[in-house]
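In what follows, a structure is listed as structure tokens, so that the remarks can point back to it.
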Amino acid sequence: MFGLIGLVLALVVVGLLAKQQLSRTAIAKQPAAPGASAPAAVDARTQAQQVQQQVKDALDAAAQARKMPDDN
């Protein structure tokens, strides 16, 4: 049961992050001025790494919140 709840929680977090990233990408694709150049590939790589880190942090936080003390 807890595994299923954890999986659903992880999917919700990833879905929210993906939605957030897609909205940022749509805004970033609109040029600020005529003739402005597109973002470099390095920026896309940095964004991907940031999203990966956000997902990892969110999953770690969820795992920390789910820890129960041992009743030994």
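Of everything in segment 38-72 that is surrounded by fewer than 10 Cβ atoms within 10 Å (Cβ to Cβ) and within 19 Å of Gly6 (Cβ to Cβ), the residue that is modelled with the highest pLDDT is Gln64. Could you go through segment 24-37 and let me know if any residue there is at pLDDT 80 or above, surrounded by 10 or more Cβ atoms within 10 Å (Cβ to Cβ), assigned to a helix (DSSP H, G or I) and not aliphatic (A, V, I, L, M). Scanning segment 24-37 turns up no residue that is at pLDDT 80 or above, surrounded by 10 or more Cβ atoms within 10 Å (Cβ to Cβ), assigned to a helix (DSSP H, G or I) and not aliphatic (A, V, I, L, M).
The values are calculated or read from the model by the stated rules, or taken from the named source; none is laboratory data. No experiment lies behind these values; they were computed from the predicted model shown. In this analysis, Cβ positions are derived from the backbone assuming ideal geometry, glycine residues included, and neighbour counts consider all displayed protein chains.
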